[in-house]
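Input: a single structure, listed below in structure tokens.
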Amino acid sequence: MLIDVVLPCLDEAAALPWVLTRMPGGYRPIVVDNGSADGSAEVAAALGAVVVREPRRGFGAACQAGLRAARSEVVCFMDADASLDPRQLPRVSDPVVAGESDLVLGRRNPARGAWPAHARLGNAVLARRLRRGAGVPLRDLGPMRACRRAPLAALGLTDARFGYPLEMVLRAAAAGWRVTEADVDYFPRTGRSKVTGTVRGTLRAIADMRAVLAEHRR
């Protein structure tokens, strides 16, 4: 079975060679260039990835563009910054392929220095709200995840920013999906993160996710 892997990308030219050369057989990378100025799209194309250009800035916008480009029955998402190992993609996709889960998120096991304290705290707070408010048994809103493509498209996700990963979980849970976790390793990323690399970036992502939570409650 071919599985498409959506990789939102903004200036990740330094990380892409490691990520794309570690893609397992049967997994097709779709690199969504979200306005890179460092030649990321050219690097990805030279390494054999499908390249999609999404001029509308935003993590969610990039994910949606990748989803529209995907053709496989099961689709994965992961960051393109070398913080996650593509060789571990079967950990999240296998339960979906086997029909044991509808949405699997990679629960991050961080190496030293991989996950700043402010980012880990923000993630923990949001995960706790998910458990209490939506009954979703998650400890981590991990960026490596897998689900079936057509049902995901039917959920009608709209967030174009950093609220997209949370919106995916909330809408999936509301639709009665079985949402589970699988352990994956988490490494220090290549280059500086646009989100967890700064307190400001983390706060921006949390604000986006809070907006999604507020909309969900309404």
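Summary of computed values
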{"item": "Verdict on R131 being assigned to a helix (DSSP H, G or I), farther than 21 Å from S101 by Cβ and either out of contact with any helix residue (DSSP H, G or I) (no Cβ under 6 Å at 6 or more places or on another chain) or among the basic types (K, R) (or both)", "result": "no"}
{"item": "A124 vs. criteria touching a strand residue (DSSP E or B) at 6+ places or on another chain (Cβ under 6 Å) and among the small types (G, A, S)", "result": "no"}
{"item": "Check on G176, out of contact with any Pro (no Cβ under 9 Å at 6 or more places or on another chain), free of Cβ contacts under 8 Å to residues at least 60 places away in the same chain and not in a helix (DSSP H, G or I)", "result": "yes"}
{"item": "Selection count, segment 2-54, where residues are at positive phi and loosely packed, with under 15 Cβ neighbours inside 10 Å", "result": "3"}
{"item": "Positions within segment 67-118 being outside any loop (DSSP other than H, G, I, E, B), among the small types (G, A, S) and modelled with pLDDT of 95 or more, in sequence order", "result": "A69, S93, G106"}
{"item": "Pick from segment 47-101, criterion of a type in the set (V, I, T) and touching a residue at least 60 places away in the same chain (Cβ under 8 Å), ranking: nearest to L10 (Cα to Cα)", "result": "V75"}
{"item": "Filter result (among the polar types (S, T, N, Q), more than 21 Å from D85 (Cα to Cα) and in a helix (DSSP H, G or I)) within segment 20-66", "result": "Q64"}
{"item": "Criterion: among the small types (G, A, S) and under 11 Å from L7 (Cβ atoms) - qualifying residue of A49, A69", "result": "A49"}
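Okay, residues lined up against (1) farther than 29 Å from D4 by Cα; (2) crowded, with 18+ Cβ neighbours inside 10 Å:
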position: R107; (1), (2): no, yes
position: R120; (1), (2): no, no
position: N123; (1), (2): no, yes
position: R128; (1), (2): yes, no
position: R132; (1), (2): yes, no
position: A146; (1), (2): no, yes
position: A150; (1), (2): no, no
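The values are calculated or read from the model by the stated rules, or taken from the named source; none is laboratory data. Remember, predicted model here, so these are calculated numbers, not experimental data. A quick note on method: Cβ atoms are made from the backbone with ideal geometry, for glycine too, and the neighbour counts reach across all protein chains shown.
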